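Notes to accompany the following structure.
Readers should treat all values here as calculations from the given coordinates under stated rules, not as data from a laboratory. For clarity, every value in this text was computed on a predicted model and none was experimentally measured. Here the Cβ is made from the backbone with ideal geometry for all residues, glycine too, and neighbour counts use every protein chain on show.
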């Protein structure tokens, strides 16, 4: 299972970034190999359509699950829904570790 | 640190007058982020001093190197924005029309066109009335507001708020539901909708509420100028009720709004003892209560 977190930093202790399109950092956790990888996707330089561009970049990692705060906007949703990814929201204010546990315990809401 | 975002859907509802009042009331406990960059005017009401300035870059413009250019005209042929013209035997780019799409640069057979990053405006951090701080921006001619610029303004405000241990960020968003508005909503702890009792007030309010739902954001509403059309105000209240959005204040139409503006003062400064100022003060206290009671 591959999980993408929208994060404000690069470790398990970093905070979740509530934003999808303009997330600070994409953190990819692969449960199979137990590896955590942080990727900067340069969202601050996207002028318009950040949601769409970020959705494309996220899908390139073929995640099974995305964990974020407020959720994605309508245009990003259009793209994300075409894949099999599941998106969990409501992790704003949590660390990645807390968000992962909340997800495991079924405490996050499914956006789609 | 908690962020309150004030938006309206429709322009001219009194959003900035109200957020400037909130800013004035909270003083040094808040940082203000003016994200209505297309028509930034909050700095006038709050007497900003433009202490720190930084260039803001956004978008690119095509630049033709006249040495390399053979004046073949391929660039003009492909330009969708009519931004390239032949002047005195030389093709030149009209800076205002160019949208920075790169098409001309891609097709140029002699690699004479480069794309140059453009300064779109200035970003400021200012000291304002009541010992507070404000992050705001000013756009250059023909430059447009963008989600990127709003994200930058918010980012600066957040850094300042965290560093100086401020409890609130008060963000004045822009009208509409486009990219800058979406960007201004991100990370909001509470959204304050300012609407007015008119047909377009309701129409645009509905659009913006649809947007809020996508992001599962909690909102409250202030109906401004409610007595201009009490029937419409009632319809708005009923609609908000079905959406589960609480009306925290109904403000009557008062020319004091305009008089305060002409003196470059927020209403709560211009006439602190008035009924209107009392209602705005109560609204702000209510907003703080809602935010503080959330975990």
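Overview of results
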read-out: Within a Gaussian network of chain B (alpha carbon springs, distance under 10 Å), most fluctuating of B:49, B:172, B:85; value: B:85
read-out: Highest-MSF residue in chain B out of B:31, B:107, B:181 [GNM, Cα springs under 10 Å]; value: B:107
read-out: Binned Cα-Cα distances of the stretch B:168-295, short to long, each 5 Å bin given as a whole percent; value: 2, 10, 19, 21, 22, 17, 8, 2, 0
read-out: Crossing angle, helix B:15-26 versus chain B [Cα axis fit, 0-90 degrees, rounded to tens]; value: 60
read-out: Rg(Cα) / (2.2 N^0.38 Å) computed for chain A, rounded to two decimals; value: 0.94
read-out: Inter-label distance for residue B:199 and residue B:52, nm, one decimal - labels placed 7 Å from Cα along Cα-to-Cβ; value: 4.8
read-out: Within a Gaussian network of chain A (alpha carbon springs, distance under 10 Å), most fluctuating of A:92, A:71, A:32; value: A:32
read-out: Convex hull volume per residue in cubic angstrom - Cα atoms of the protein assembly as shown; value: 172
read-out: Sorted by Cβ density within 10 Å, fewest first, the residues B:102, B:284, A:12; value: B:102, A:12, B:284
read-out: Residue order, fewest to most beta carbons within 10 Å, for B:160, B:50; value: B:50, B:160
read-out: Quotient of C-alpha Rg and 2.2 N^0.38 Å, computed over the stretch B:234-295; value: 1.36
read-out: Computed log₁₀ I(q)/I(0) - Debye formula, equal Cα scatterers, no solvent, the stretch A:1-59, q 0.15, 0.19 Å⁻¹; value: -0.41, -0.63
read-out: Global form of the stretch B:29-117, assessed from the alpha-carbon gyration tensor, a/c cut-off 1.5; value: prolate
read-out: Inter-site label distance for residue B:95 and residue B:207 at 7 Å from Cα along Cβ, in nm; value: 3.2
read-out: Ranked list, fewest to most other Cβ atoms within 10 Å of each Cβ, for B:38, B:55, A:24; value: B:55, B:38, A:24
read-out: Whole-angstrom gap from the stretch A:68-102 to the stretch B:99-122, using each part's C-alpha centre; value: 36
read-out: Estimated distance in nm for a label pair at residue B:141 and residue B:291, the labels positioned 7 Å out from Cα along Cα-to-Cβ; value: 3.9
read-out: Estimated [θ] at 222 nm from DSSP helical runs (n ≥ 4, -39500 (n - 2.57)) normalised by residues in chain B, nearest 500; value: -11000 deg cm²/dmol
read-out: Dimensionless Rg ratio for chain B, taking C-alpha atoms and the 2.2 N^0.38 Å reference; value: 1.17
read-out: CD proxy at 222 nm, helix term only [per DSSP H run n ≥ 4: -39500 (n - 2.57); per residue of chain A; nearest 500]; value: -6500 deg cm²/dmol
read-out: Rounded Å value of the spacing that divides the Cα centres of the stretch B:31-86 and the stretch A:38-66; value: 25
read-out: Dimensionless Rg/Rh of the stretch B:1-49 - Kirkwood Rh, Rg from C-alpha atoms; value: 0.93
